[in-house]
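Trainee: Got a structure here, written out as structure tokens. Questions coming.
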Amino acid sequence: MPVMATSASLDVAMTLPAQAFEQQIPQTESARQPAWVRGLLLGGFIAGIAISGIVLLSIVGYHIGLTALIVGLCAAILPVPVLVGIFFWLDRYEPEPLRYLVICFFWGACVATLMAYFVNSGAEILLEQTGLSVDLVGVFVAPFIEETMKALFPILLLIFRRRQFSGITDGIVYCGLSATGFAMVENILYLGGLGYASGAEQYGPASGAQAVIQLFIARIVLTGFAHPLFTSMTGIGLGVAARSADRRIRFFAPIAGLLAAMGLHGAWNLMATVTANSGELLVFLYGYFAVMMPIFMIMTGVAIWLRSREGRVTERVLPAYVRAGWFSPPEVAALGTLGRRYSARRWAKRVAGEPGLKAMREYQAAATRLAVLRDGMERGLDRSPKDASISAVDEPQLLAVITNSRMVFTGWDPQTPNALWDGSRYQLTFPDGTRRTLDAPPVPVVPIPLRPAPPMPPPAYGYGAPPPGYGPGYGPQPYR
């Protein structure tokens, strides 16, 4: 088995159980930060978002009335679960921390919308005083401030939590959720104010309800993808920057993505403005079907391709850990697609119950993070001493999680042979005690590991290797 250069720390770790990995790993600066400080910062940040939301709802309610606010809120919330579910579906291979996803959504719904309201309103007042058309706000001002504010929190995540970006998919998810929150609040204003309030004021509640239905079809059913589509351009730029070691790309890629988002947003508003002023619906229909829909379909295809690519990262990167004995080949094959992962979870639940299902989920998540981490190392993302030290901590921690999780659900299936993987071959033990070495797996390549590795040492910022003769393989454990 190939082994990286040994060190004194590895010699000590050879005698440690996997559960003791974290006790032997040096803590980074962020890990030493007191919990109360992190809680205070997070609490203050959430409080700021909540205050922004309260102020925004108060302003909207003041302008359109309480009844229209409730009607608009109920109608605007309807598409949110669908859009949020789509972004969660994209993020299934390596789910991001739920707290960041939730904050992204409410950042777009509260902070970004409030700031855009003030800037757009101020720009309208300024243009009226100077005698210019307020339509310029929708074409030039709104795209700039709205796309900047929607992307601001994902940009902050990239700056201060770059490791939460494993690629372009994460950038699309973060920015898409922020845009979904923004669109929800904007729809409250349109559906409640321009829809229900205007119709009810002229012809009564029935006309107001009819106007809400018409606007719902136009703004949500037909064009509900608009804001997520615009801001996903910034997400692509952030994802490219997160996985590039070139400083120029890391600087210019987010700017290029943001400019593309502003351009699309401005073009969309220009089509709507020209249509409203000229009364020529064909202008908007042409732009909708000839420009925006093709871009939307291309982005959908790219997002699906990127989603499947995350699975291929494990198949491309983890074989190095297979050669070192940390994984068996079927384990890596099992991580390549969501279908195989789902099959592995079903198997784990069947043989080890709910604890096995939970452990399999933790195992799959840690294995994916490990692949992303190693891919970043190979790309040269950890050139700074700080990033290198964090990777030196994260890699053995993830291997410890993988080892501990594997121990929960392996060794329970009596139908599997007693075999283990030594990094290059399978060591198969027959009931009479005879041992044979096999190059191929003793059972078909199923999406499950069936025997855990005993306590193994963490790598020293490298692949590392378990003690000779140890490794994930197959068969019931003798001590169970």
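Trainee: How many of the residues in region 358-379 are more than 19 Å from Pro319 (Cα to Cα) and either at pLDDT below 90 or crowded, with 19+ Cβ neighbours inside 10 Å (or both)?
Mentor: Residues in region 358-379 being more than 19 Å from Pro319 (Cα to Cα) and either at pLDDT below 90 or crowded, with 19+ Cβ neighbours inside 10 Å (or both): 2 in total.
Trainee: What's the total number of residues in region 156-190 that are of a type outside the set (D, E, K, R) and under 14 Å from the mean Cα position of the chain (by Cα)? Step through it out loud before you land on a result.
Mentor: Start the filter on region 156-190 by keeping residues that are of a type outside the set (D, E, K, R), which leaves 156-160, 164-169, 171-185, 187-190.
Then keep just the ones that are under 14 Å from the mean Cα position of the chain (by Cα); that gives 157-158, 164-169, 171-178.
So the count comes out to 16.
Trainee: Assess whether Cys110 counts as being in contact with a Gly (Cβ under 6 Å, 6 or more places away or on another chain) and buried (at least 20 other Cβ atoms within 10 Å of the Cβ). Show your work before the answer.
Mentor: Values: in contact with a Gly (Cβ under 6 Å, 6 or more places away or on another chain): yes; buried (at least 20 other Cβ atoms within 10 Å of the Cβ): yes.
Answer is yes for this residue.
Trainee: Only one residue in Thr148, Thr169, Thr180, Thr130 is in contact with a Leu (Cβ under 8 Å, 6 or more places away or on another chain), among the polar types (S, T, N, Q) and surrounded by fewer than 21 Cβ atoms within 10 Å (Cβ to Cβ). Which one? First the steps, then the outcome.
Mentor: On the way: Thr169 fails: surrounded by fewer than 21 Cβ atoms within 10 Å (Cβ to Cβ); Thr180 fails: surrounded by fewer than 21 Cβ atoms within 10 Å (Cβ to Cβ); Thr130 fails: in contact with a Leu (Cβ under 8 Å, 6 or more places away or on another chain).
Selected residue: Thr148, the only one of Thr148, Thr169, Thr180, Thr130 that is in contact with a Leu (Cβ under 8 Å, 6 or more places away or on another chain), among the polar types (S, T, N, Q) and surrounded by fewer than 21 Cβ atoms within 10 Å (Cβ to Cβ).
Trainee: Can you find, within region 101-137, the residue that is farthest from Asp91 (Cα to Cα) among those that are of a type in the set (A, V, I, L, M) and not in a helix (DSSP H, G or I)? Give the derivation first.
Mentor: Just the residues of region 101-137 that are of a type in the set (A, V, I, L, M), to begin with: 101-103, 109, 111-112, 114-116, 119, 123, 125-127, 132, 134, 136-137.
Filter once more, keeping what is not in a helix (DSSP H, G or I): 132, 134.
On the way: Leu132: 45, Val134: 40 Å.
Taking the candidates together, the pick is Leu132.
Trainee: Oh, and also: Could you check how many residues of region 318-348 are more than 23 Å from the chain's Cα centre (by Cα), assigned to a helix (DSSP H, G or I) and not hydrophobic (A, V, I, L, M, F, W, C)?
Mentor: Initially, region 318-348 is screened for residues more than 23 Å from the chain's Cα centre (by Cα), giving 319-331, 346-348.
Of the ones still in play, those that are also assigned to a helix (DSSP H, G or I) are 319-323, 329-331, 346-348.
Checking the rest, the ones that are also not hydrophobic (A, V, I, L, M, F, W, C) come to 319, 321, 323, 329-331, 346.
Number of matching residues: 7.
Trainee: Which ones in region 239-258 are farther than 19 Å from Phe296 by Cα and part of a helix (DSSP H, G or I)?
Mentor: Val240, Ala241, Ala242, Arg247, Arg248, Ile249, Arg250, Phe251, Phe252, Ala253, Pro254, Ile255
Each row is one residue, and each column tells you yes or no for (1) crowded, with 17+ Cβ neighbours inside 10 Å; (2) under 21 Å from Gln427 (Cα atoms).
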residue	(1), (2)
Phe284	yes, no
Gly287	yes, no
Met293	no, no
Glu310	yes, no
Pro330	yes, yes
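Trainee: On the basis of being part of a helix (DSSP H, G or I), of a type in the set (A, V, I, L, M) and loosely packed, with under 12 Cβ neighbours inside 10 Å, does Leu73 make the cut? Before you say what the answer is, go through the steps one by one.
Mentor: Numbers: part of a helix (DSSP H, G or I): yes; of a type in the set (A, V, I, L, M): yes; loosely packed, with under 12 Cβ neighbours inside 10 Å: no.
When the stated conditions are applied, Leu73 does not pass them.
Trainee: Test Pro454 against the criterion of being at pLDDT below 50 and either outside the structural domain of Glu331 (by TED's automatic domain parsing) or in contact with a helix residue (DSSP H, G or I) (Cβ under 9 Å, 6 or more places away or on another chain) (or both), and give yes or no. Reasoning before the result, please.
Mentor: Working: at pLDDT below 50: yes; either outside the structural domain of Glu331 (by TED's automatic domain parsing) or in contact with a helix residue (DSSP H, G or I) (Cβ under 9 Å, 6 or more places away or on another chain) (or both): yes.
Here the answer is yes, as Pro454 does meet what is asked.
The values are calculated or read from the model by the stated rules, or taken from the named source; none is laboratory data. On a predicted model such as this, the values are computed, not experimentally measured, just so you know. Because the Cβ atoms are built from the backbone with ideal geometry, glycine has one as well, and the counts that use them run over all protein chains shown.
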